[in-house]
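Report on one structure; see the data block that follows.
Bear in mind that the values in this text are calculations on the coordinates, not laboratory data. Predicted model, so just to flag it, every value in this text is computed and none were measured. Glycine gets a Cβ as well: all are built from the backbone with ideal geometry, and neighbour counts include every protein chain shown.
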Amino acid sequence: MRSFPSSDLKQILGDVLHAASHGPVTITKHNKPRFVLMSIDDYEQRFQKDPRSAIAVEDMPTEHLAMLERALRGATDGDLE
């Protein structure tokens, strides 16, 4: 991965963008990696949308809530004795 100091970005933005079009680029500050710049295609390929979702307990289907309650009771019954 190529690396560029943040202080140089203003002067070499074209070079940095060109490098990022070919692969992720590290942006450093005080010689330490701080950011990664990559093309949107690389980003979408690496971080595809997660089909999972979260719901509030209040919105959970009744049968799922019952399964969760049974699982929690089973996990904590031994802990309470």
Practice task
Have a look at the DSSP beta bridges in the chain and tell me what percent are antiparallel, nearest 5.
Solution key: 55
Practice task
Could you work out how far helix 62-80 tilts from the main Cα principal axis of the chain, as a 0 to 90 degree angle to the nearest 10?
Solution key: 80
Handout entry: Pair Ser3, Asp50: separation of 7 Å Cα→Cβ label points (nm)
Key = 3.0
Practice task
Just the ratio, please: alpha-carbon radius of gyration of the chain over 2.2 N^0.38 Å, N its number of residues.
Solution key: 2.03
